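Q: Here you go, one structure.
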There are 2 protein chains.
Amino acid sequence: MAHPPALAGLLKQLARLPGVGPRSAQRVALALLAAPQKMAELASSLQHAQADLGSCATCGNIAARTEAEACVCEICADPRRDPYVLCVVESVADIWALEKGGHFKGRYHVLGGVVSALQGVGPDDLSLGLLEHRLRTATPEFAEIILALGASLEGQTTSHLVASLVQRAAPNALLSTLAKGMPVGASVDYLDEGTLGLALTYRQRL
Amino acid sequence: MAHPPALAGLLKQLARLPGVGPRSAQRVALALLAAPQKMAELASSLQHAQADLGSCATCGNIAARTEAEACVCEICADPRRDPYVLCVVESVADIWALEKGGHFKGRYHVLGGVVSALQGVGPDDLSLGLLEHRLRTATPEFAEIILALGASLEGQTTSHLVASLVQRAAPNALLSTLAKGMPVGASVDYLDEGTLGLALTYRQRL
């Protein structure tokens, strides 16, 4: 059965979203068609988001566009955030995850990815130039750079890359990475041997 | 952390879609913000769908809007479809599922739901009046009405309701329902006792 073109177009656009396959696209399309109000609101949200959101010129976080040419995100604009500690993350989603806990009070830098030979992402695709410029020009200078990249092979490769950049551009800053070990709620017999090995190596005094 | 208003609005609209929770909404929003072209295409697809799609005045299927006031869907407009057999389904998604197999060549009627005390759906919420009108005025008269509603309690209750309506409005038509039994690929030891009971009761001669 051929769908009407407007429906076929909507199904195609929906099925391209991450985590949405052809079947969920059908479900979403039918739900939206049954609720025209919702459909209109989603369309206008998308347009607002496109018009009003940009990338923070300092850190790469999502920022509301203002009259000024360069966007500044809420975190970079917040004078209460510690200007001495910088946390380097892969993506904006990682900022959201870290902010949920509220444990980190410093600034962020979003790399926009991790190097991956498989996915064809090289160092030039990451915002390393921006990071280097920021480290060299920051006033006050950063006292600590935390590398909060994933514990995957790609994350660790990227960590090494960023570490050598930091040593060049901010030789006085302390370099650290997120602790590796047991996640909260884990039981020992379900942990993989890699995690168990790290948890043993970095065991803490009681 | 407070999100910029345009982002918060988009996340809210996305999280209201069926099968999309707050986390998938974040993932979708970030993917769209990273690909402005995709975001614009999705917004315009939504607007096209809203402007160009309506409900078929005959059967309730999704139909492209035309100059004419009443929409007619592709199936109702297709002269090659058998005008003697009507298949009553719950939703447009059921038409899509049946059409995929291509086993059914007749016409459809979309009820728009099934009666459910839990979800507060009563007979008045279904397109029963339209069905009755269609059965009474159809030329030629329908020779068979197939009830293709779900095998759930609500589906079966609705089947009874539709069956008595059909007996009133089209007393000469044959009434049938979808066969119940083992799904293709099932193994007997994993089937529930209800399905096994039905499969035994309606066993077929080899």
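The values are calculated or read from the model by the stated rules, or taken from the named source; none is laboratory data. Predicted model, so just to flag it, every value in this text is computed and none were measured. Counting neighbours? That spans all protein chains shown, and the Cβs are built from the backbone with ideal geometry, glycine included.
Q: Within the stretch A:57-72, work out how many residues are within 20 Å of B:Leu11 (Cα to Cα), free of Cβ contacts under 8 Å to residues at least 24 places away in the same chain and more than 8 Å from chain B (Cβ to nearest Cβ).
A: 1
Q: Identify, please: which residue in the stretch B:118-151 is among the small types (Gly, Ala, Ser) and at pLDDT 90 or above and is, among those, farthest from B:Cys73 (Cα to Cα)?
A: Here the answer is B:Gly120.
Q: Working only within the stretch A:10-43, note down all residues that are more than 8 Å from every other protein chain (Cβ to nearest Cβ) and under 29 Å from the mean Cα position of the chain (by Cα).
A: Answer for the stretch A:10-43, where residues must be more than 8 Å from every other protein chain (Cβ to nearest Cβ) and under 29 Å from the mean Cα position of the chain (by Cα): A:Leu11, A:Ala15, A:Gly21, A:Pro22, A:Arg23, A:Ala25.
Q: So how many residues does the stretch A:149-182 have that are free of Cβ contacts under 8 Å to residues at least 12 places away in the same chain and either more than 30 Å from A:Thr137 (Cβ to Cβ) or of a type in the set (A, V, I, L, M) (or both)?
A: The number of residues fulfilling the criteria is 1.
Q: Return yes when B:Glu193 is in contact (Cβ under 8 Å) with a residue 60 or more places away in the chain and more than 22 Å from B:Val121 (Cβ to Cβ) and no when it is not.
A: no
Q: A follow-up question, please. Go through (1) in contact (Cβ under 8 Å) with a residue 12 or more places away in the chain; (2) in a helix (DSSP H, G or I); (3) farther than 23 Å from A:Thr139 by Cα one by one and return the number of the condition A:Ile75 breaks.
A: (3) is the only condition that A:Ile75 fails.
Q: Tell me, which residue of the stretch B:1-58 that is in contact with a Pro (Cβ under 9 Å, 6 or more places away or on another chain) and among the charged types (D, E, K, R) is farthest from B:Leu131 (Cα to Cα)?
A: Among residues in the stretch B:1-58 that are in contact with a Pro (Cβ under 9 Å, 6 or more places away or on another chain) and among the charged types (D, E, K, R), the one farthest from B:Leu131 (Cα to Cα) is B:Arg27.
Q: How many residues, within the stretch A:44-56, are facing chain B (nearest Cβ under 7 Å) and touching a strand residue (DSSP E or B) at 6+ places or on another chain (Cβ under 8 Å)?
A: 2
Q: Looking at B:His160, B:His133, can you tell me which residue is under 23 Å from B:Leu98 (Cα atoms) and not hydroxyl-bearing (Ser, Thr, Tyr)?
A: Testing whether each residue is under 23 Å from B:Leu98 (Cα atoms) and not hydroxyl-bearing (Ser, Thr, Tyr) leaves just B:His160.
Q: Any residue in the stretch B:95-121 that's away from chain A (no Cβ under 12 Å): show its pairings with residues that are of a type in the set (Asp, Glu) and in a strand (DSSP E or B) at Cβ separation under 9 Å, as long as the two are six or more apart or on different chains.
A: B:Gly106/B:Glu144
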